[in-house]
Amino acid sequence: MWRSFVALLLLATPVCAQENATAYEALRVVAAQFGRGALNHVVSITGVKGHPQPEKWKIILENPDGRGVRELQVAEGKIDSGDGADWSTAGSAEGATLNISRLNLDSSGAFAVASHTAEASHAQFATADYTLRTDERGEPIWIVTLLNRSSRPVGTIYIGATRGIVKRTEGMFAGATMEDVENDYDDEEGTGVFSDVKKTIKHAFHRTQDEARGMFDRVKRSFSDFINRE
């Protein structure tokens with residue numbers, strides 16, 4: 001069922017496919033109001049209860065002088081009028097800003113990859129929560145949490161926003177990560193049910209990664225090209 005749903009999303013016209021704005025479109029609103037330079041200070045982008053895209057995007061910007069952050073909310077093509085205009089001195093974003101030139105996956109593409117991963121893991125969901133931030137290596141990563149109709153999480157997928165690689169899952173494939181399948185599961189000399197389970201998880205995770213790469217080729221979207229498009 002989910003495969004058919006994703007296929008419809010990818011084949012539908014742009015107007016029908018996305019009723020709400022994607023993360024890229026929200027960033028374009030920020031650039032229009034504060035200038036392109038503001039995009040060099042983006043710390044994170046989050047949205048909740050996407051169906052498939054959320055009604056609002058929360059964007060955290062680092063203060064240009066490095067002292068504090070600012071929170072913006074973008075909805076319906078504009079910045080929420082209720083958002084404060086002052087910079088907050090709470091928190092620090094040092095070393096955590098996104099390198100937007102490395103973004104090749106919009107939230108619509110992240111949804112497609114996450115949906116396919118959920119299908120491969122036999123997990124059904126109703127909505128999606130999104131976070132785009134840097135990982136421990138400073139690379140941009142999408143964290144997509146899928147929720148059921150009761151708003152309970154059924155799984156979380158970590159997707160590299162540069163190359164579209166599924167790096168980690170929670171609640172799927174027994175929580176397997178790339179490190180798990182490349183290291184912990186390399187020793188397959190064991191026998192019995194436990195060894196068979198590990199092999200099954202490894203193979204399922206690798207197969208899903210390969211399929212996600214193929215999907216990424218179809219949904220890849222450079223932010224640099226997007227923002228420079230007239």
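Every number here is computed from the coordinates shown, using simple stated rules; none is lab data. Note that this is a predicted model, so its numbers are computed, not measured.
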Task: Extension gain (nm, one decimal) between Phe34 and Lys56, 0.36 nm per residue minus Cα-Cα - done: 6.1 nm
- [ ] Go through Lys49/Lys78; Lys167/Lys220; Lys56/Lys167 and tell me which ones have a Cα-Cα distance over 23 Å in this structure.
- [x] Lys56/Lys167
